[in-house]
Structures are given as structure tokens and as C-alpha cells.
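These notes concern the structure reproduced below.
Each reported figure results from applying straightforward, stated rules to the coordinates on display, with no laboratory input. Bear in mind the structure is a predicted one, so any value in this text is a computation, not a measurement. Because the Cβ atoms are built from the backbone with ideal geometry, glycine has one as well, and the counts that use them run over all protein chains shown.
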Amino acid sequence: MPSASRAQPARIAGGVAVLAFAAVALAFPSIAPNPYILSVGIVVLNYAVLSTSWNFVGGFTGYISLGHGALAGLGAYSTGLLVTKGGLPSFVALGVGALLVAAIAVPIGYAALRVRGASFVIVSIALVLITLLVFQSWASFTGGSRGLNVPRPFPGLLRPEHHRVFFYLFLALLALALLVWWLIDRSRFGLGLKAIREDEDKAEALGTPTFAYKLVVFVVSAFFTGLAGGLYALWFGDLDPIFQFSILTGSYMVLMALLGGVRNLFGPLVGALVVGSALEYFKVEFGNSPLHLVATGVLLALVVLFMPDGVLPALGALLRRFSPTTDSSIREVTAAELAAERATIGGEQHAQPRNG
Amino acid sequence: MHSLETVELTKAFGGNLVLDKTSVSFQHGKVNALIGPNGSGKTTFFNCVTGLIRPDSGRVSYAGADITRRTPHAIARAGLGRTFQLCRVFPRMTVLDNVLAATRPRGANLLRGARGRAETDRARGWLTKLGIEHLAGIEARNLSWGQQKLLELAGVLMSEPETVLLDEPAGGVNPALLDRIGGLVRDLNAEGRTFVIVEHNMDLVMSISDHIVVFDRGRPIAEGPPSMIRTDERVLGAYLGV
């Protein structure tokens with residue numbers, strides 16, 4: 001098949017990049033010069049998990065949710081509250097918390113996924129604002145603006161060791177999210193979801209139960225987002241509604257996925273590496289000024305203008321330039337093939353409408 | 001025997017009454033055609049029948065079952081497949097994936113690979129039958145209009161409908177392609193598939209149909225075999241313009 005040889009350079013480069021990332025990531029806690037850099041690594045990995053989780057909905061179905069920050073916040077608070085009020089062991093609370101988020105996502109998705117396009121975006125924003133209000137106002141239960149302290153799961157560990165353990169936990173969660181995304185991507189379910197992204201009415205007319213598909217993938221996405229939020233709560237240990245239910249969290253997830261490329265397994269990860277690192281750098285350089293937001297905005301504008309499909313597809317296209325292309329809707333036929341074709345068509349006298 | 005039937009189907013957009021208590025029935029195992037002037041409600045009729053638009057009142061039944069309030073995918077799964085007037089394909093999926101997307105997995109099958117051998121062979125079979133197999137690996141947006149029409153047809157056929165509704169299959173395609181589509185409809189009909197075709201190309205309609213229904217202002221004004229429709233005075237006045 002011609003496409004196999006054509007894809008070779010891009011595929012090899014991709015494989016090398018994945019292996020290189022895995023090697024650097026595994027070694028990172030050992031080569032990080034200080035605990036601060038290691039904690040930045042955790043923050044970036046957290047973004048990567050969040051963005052990959054977002055991409056279950058955004059990448060497959062094309063529904064742009066700005067509300068995933070709320071799902072992460074719900075994951076963080078349900079884990080935190082299950083530990084502090086419920087007395088559950090930390091990692092049991094993490095699992096139960098994520099399942100709770102998935103359960104809450106069923107009615108949320110049931111309502112929100114009925115509208116498309118800009119309406120869905122607005123509904124998803126509303127979700128963040130509502131959860132923020134609830135968690136701020138219900139101070140007797142959530143701690144409100146005073147915050148919620150989540151006890152550390154490993155009280156005996158010193159801070160650098162604590163970071164080290166959580167770095168690997170986040171890495172494992174990322175690997176799990178990527179694995180599930182990949183499994184869906186190659187499945188029939190995934191093909192149905194992509195059909196929804198391309199043309200929902202057409203997919204429906206072909207017999208795809210689009211609403212059920214969207215709801216299922218939304219719940220899967222919420223589960224992983226909840227896990228990421230919960231793991232963050234166990235790592236960071238201090239939750240405040242204003243940060244947990246922030247419209248910025250959801251916006252970062254979208255930005256990272258768009259930057260890397262939403263159709264690619266590793267798109268959100270690449271986006272998180274670039275944007276996450278840049279965000280942390282800007283915070284160090286410019287402190288608490290909103291300059292990091294301006295820089296992020298400029299970055300997004302540049303990507304949308306010059307790489308609308310994201311960094312990874314742009315790189316792939318660049319690599320394909322170095323290999324002979326066979327991408328054409330015009331097929332070259334030899335005289336012999338043409339004669340054979342004419343013979344088979346015979347009396348029907350059908351011209352082959354190659355270019356209709 | 002009637003396969004697809006509507007009883008007093010009514011649909012208005014604002015003050016515009018597009019379907020006016022439309023009662024028609026199409027015959028099972030035949031090539032039925034639905035013709036009429038622009039704006040006579042043919043596409044709205046299709047949309048109401050396939051669940052894309054909710055009718056204001058009236059009833060649609062298929063193979064004896066009431067399908068009026070069913071969702072489009074449930075109607076498709078009941079055996080009614082359709083194409084769209086302004087041909088719709090999945091632009092950023094390959095031609096092969098476009099056809100594969102029409103397979104109907106259920107339950108645990110959903111998590112199996114999308115490109116299983118049996119499905120891929122069947123999808124390629126349809127592409128071959130329609131003469132676009134050589135384009136299988138190309139994104140559908142890079143196809144010409146005529147090729148996209150063939151691709152849309154391949155997708156619908158992949159979903160194995162008992163009855164196929166074609167909305168202007170000949171719109172904007174060249175004469176050779178027209179022959180191919182016409183021939184395919186006849187072949188598939190011979191295998192037992194029912195067709196309902198909305199079409200303006202009278203040569204095609206007259207040559208492939210067994211039964212023709214003529215719409216004018218949302219109501220059927222005549223129906224019968226081509227020989228009868230050709231000479232029906234109401235039809236001549238309303239549509240054929242003679």
C-alpha cells in the first residue's frame with residue numbers, strides 16, 4: 001500500500017519522540033535540579049492529564065467544553081472531602097471521588113449535550129460558575145473560601161520524596177488516559193464519535209445513536225478529569241474554590257489540546273508541555289501579574305493563524321514533504337490497465353468519472 | 001404491499017405550510033419516485049419521514065410499525081437509509097472510514113477495531129461497485145462533487161437499509177455517472193431493495209421508476225406508473241410545464 005511507505009518518516013519520528021519523552025519523563029525526578037523544578041514537572045503533567053481527559057470530548061466529538069475545570073474541581077473536592085469527612089484512605093477516596101464525578105457527569109451531560117456549538121460552550125461555562133458559587137457558599141461542608149486541607153497520603157515522606165512519588169503517580173495516570181484514548185480512537189465507537197465531529201446529523205442518519213455516544217464519552221472524560229483533580233488534591237493538600245472552579249483551568253485544557261492538535265493522541269500532551277512550561281516560567285518571571293495570560297493569548301493566536309490543526313499535524317505535514325507523495329484523486333493508469341478495464345466494462349460503455 | 005406510508009403528515013415553517021395533510025404510500029420492493037416543483041415539500045417530506053424534523057401532526061409508518069416519534073438513528077436501524085440533497089460526507093475522514101462509519105456495532109463490539117477485515121472487505125466492495133475504490137485512502141473533502149455523491153451512496157448502502165431514500169442523486173453529476181447510479185438502483189432493486197427517489201431529472205425518473213408520486217404544494221396530486229404520469233394533465237400543468 002502506498003500510504004504505508006509515505007507514512008514512514010512521520011511514523012519513525014513519532015516513535016522516536018514518544019520513546020524520548022518516556023525516557024526523559026522517567027528520569028526527570030532524578031535529573032531535576034531541585035524540588036521546585038520537580039513540582040513544576042508535576043504541574044505540567046497534571047495539565048497533560050487534564051488536557052488529554054478533555055480531549056475525549058473535544059477531540060473525538062468536536063464539542064468544546066470550557067467547563068472541564070469544574071469537573072477537575074469536583075474531583076479534587078470529592079477526594080478531599082471523602083478523606084477529611086468520610087475518613088476513607090486517600091487512594092480509595094481518589095477512586096470513589098472520580099466515580100462520583102463520573103456519576104454527576106451523567107445528568108450534566110444529559111442536559112448540556114443537547115445543544116451544539118456555541119450554546120454548548122456557554123452551558124459548559126455556566127457549570128463552572130455554578131459549582132464555584134456552591135462550593136464557596138456551602139462553607140460548613142466545603143470549608144468555603146477558607147479552603148480545605150487534605151491530609152497527605154504519605155505523612156512520613158519528606159517534601160522532595162513526596163514530589164517524586166506524585167510525579168510517577170501523575171505519569172502513570174497520564175499513561176492510562178493515553179491508553180484509553182488510543183483504544184477508543186481505533187475502535188468502532190471512536191469512528192462513530194469522529195463521525196459526530198464531522199457531521200452529527202449525517203452520523204445519526206446512518207444509524208449512530210449520537211446522543212448515547214456523546215454521553216458515554218463525556219462520562220469517560222469526566223472520570224479521568226476527576227482522577228486528575230483528585231490526585232492534585234492529594235498532592236497539593238490545600239483546596240480553594242476560586243482556584244479549583246476557575247474558568248482558566250478549562251481554558252488551559254482547550255488551549256493545550258488545540259495547540260498540540262486535538263486529532264492526535266499526543267496533541268494535548270505536547271500542548272501541555274509547551275503551555276504548562278511557559279505558564280510556570282511566566283509566573284516566575286512576572287510574578288502574579290496577568291502577563292502570563294497575555295503571553296498565552298498571543299501563543300494561541302499564533303497557533304490558530306499558522307497551525308490551525310495544531311503543532312503535531314503541522315510537523316507531520318513537514319515530514320511528509322520529504323517523501324514522495326501519492327496523495328491524489330487522479331489515478332495513473334497504464335495503457336494495459338485501461339484496455340483491461342474497457343474489456344470488463346464491455347457493452348455498458350460507462351466512462352470512468354475520475355474527476356466527476 | 002406498502003412499506004413506507006404517511007397519514008396526514010403536516011409540517012409548517014412559520015406561516016409556510018410545507019406539508020399539508022400528506023398521505024402517501026410507497027410500494028415495497030419497487031423503485032418509487034417522488035417528483036414535483038421546487039418547494040413542493042419533497043425534502044421536508046424526507047426529513048419528516050427519517051426523523052430529522054418532527055412533523056406538526058400526522059403519522060409515519062414503516063413495515064407496519066409507527067415510526068413518527070422515533071429518533072433518526074432508530075429509524076435508520078429499522079431499515080430506512082437516506083442520502084442528502086446537498087451531499088453530505090465526513091470531510092476529514094478517509095473515503096474508506098466514511099463507509100466504515102456506517103457499520104452498526106452493538107455492545108462489546110463497539111470496542112473492537114474499526115477496521116476489522118470483514119467490514120473493510122465489505123466497505124471496499126461497495127467502493128468498487130461504485131468505481132471509487134482507488135480513492136479509499138484519501139480524505140473525503142478532496143473528492144469532486146460527483147465522487148462525493150458516489151461515496152455518500154456507498155455509505156448508505158454499507159448500513160444495509162431495506163429501503164433507500166435518495167434525495168436528488170443526479171443533482172450536479174455528469175451523464176456517465178447518471179447511468180451508473182441508475183444502473184445501480186436497478187441492480188439493487190432486483191436484489192430486493194426498495195427505493196424512494198426525489199429527482200428532477202425526468203429521463204432518469206421515467207427510466208428507472210416503477211411508481212411515481214407527484215407533489216405540489218405539500219400534497220400528492222397524482223400517482224401511478226411512468227406511462228400514466230407522463231400524460232396526466234394535472235402533472236403537466238403543475239410540474240412538467242407543457
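Of the residues making up segment B:133-160, those that are buried (at least 21 other Cβ atoms within 10 Å of the Cβ), in contact with a helix residue (DSSP H, G or I) (Cβ under 7 Å, 6 or more places away or on another chain) and either facing another protein chain (nearest Cβ under 9 Å) or among the polar types (S, T, N, Q) (or both) are B:L135, B:A140, B:L143, B:G146, B:Q147, B:Q148, B:G155, B:M158, B:S159. On inspection, A:G192 does not qualify as without any contact (Cβ under 8 Å) to a residue 12 or more places away in the chain, crowded, with 19+ Cβ neighbours inside 10 Å and either more than 21 Å from the chain's Cα centre (by Cα) or within 14 Å of chain B (Cβ to nearest Cβ) (or both). Which of the residues belonging to segment A:250-268 are on the phi < 0 side of the Ramachandran plot and outside any helix (DSSP H, G or I)? Once the filter is applied, which keeps residues that are on the phi < 0 side of the Ramachandran plot and outside any helix (DSSP H, G or I), segment A:250-268 yields A:V262, A:R263, A:N264, A:L265, A:F266.
To keep it simple, each residue is scored yes or no on (1) surrounded by 18 or more Cβ atoms within 10 Å (Cβ to Cβ); (2) in contact (Cβ under 8 Å) with a residue 12 or more places away in the chain; (3) within 14 Å of chain A (Cβ to nearest Cβ); (4) of a type in the set (D, E, K, R).
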| position | (1), (2), (3), (4) |
| --- | --- |
| B:D187 | no, no, yes, yes |
| B:T194 | yes, yes, no, no |
| B:E199 | yes, yes, no, yes |
| B:I208 | yes, yes, no, no |
| B:P220 | yes, yes, no, no |
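Condition check ((1) out of contact with any Phe, Trp or Tyr (no Cβ under 7 Å at 6 or more places or on another chain); (2) without any contact (Cβ under 8 Å) to a residue 24 or more places away in the chain; (3) among the small types (G, A, S)) across all residues:
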| residue | (1), (2), (3) |
| --- | --- |
| A:F154 | yes, yes, no |
| A:H163 | yes, no, no |
| A:A205 | yes, yes, yes |
| A:Y232 | yes, no, no |
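Restricting the first member to segment B:42-54 and to residues that are within 13 Å of B:I67 (Cβ to Cβ), and the second to residues that are part of a loop (DSSP other than H, G, I, E, B) and of a type in the set (S, T, N, Q), the beta-carbon pairs closer than 8 Å and six or more apart or on different chains are B:G51/B:T71.
Residue-wise test of (1) under 30 Å from B:G51 (Cα atoms); (2) of a type outside the set (D, E, K, R).
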| site | (1), (2) |
| --- | --- |
| A:R197 | yes, no |
| A:S246 | no, yes |
| A:R263 | no, no |
| A:E285 | no, no |
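If I filter segment A:218-225 for residues that are within 30 Å of A:V92 (Cβ to Cβ), within 14 Å of another protein chain (Cβ to nearest Cβ) and either touching a Leu at 6+ places or on another chain (Cβ under 9 Å) or among the β-branched types (V, I, T) (or both), do I get at least one hit? Scanning segment A:218-225, I find at least one residue that is within 30 Å of A:V92 (Cβ to Cβ), within 14 Å of another protein chain (Cβ to nearest Cβ) and either touching a Leu at 6+ places or on another chain (Cβ under 9 Å) or among the β-branched types (V, I, T) (or both), so the answer is yes.
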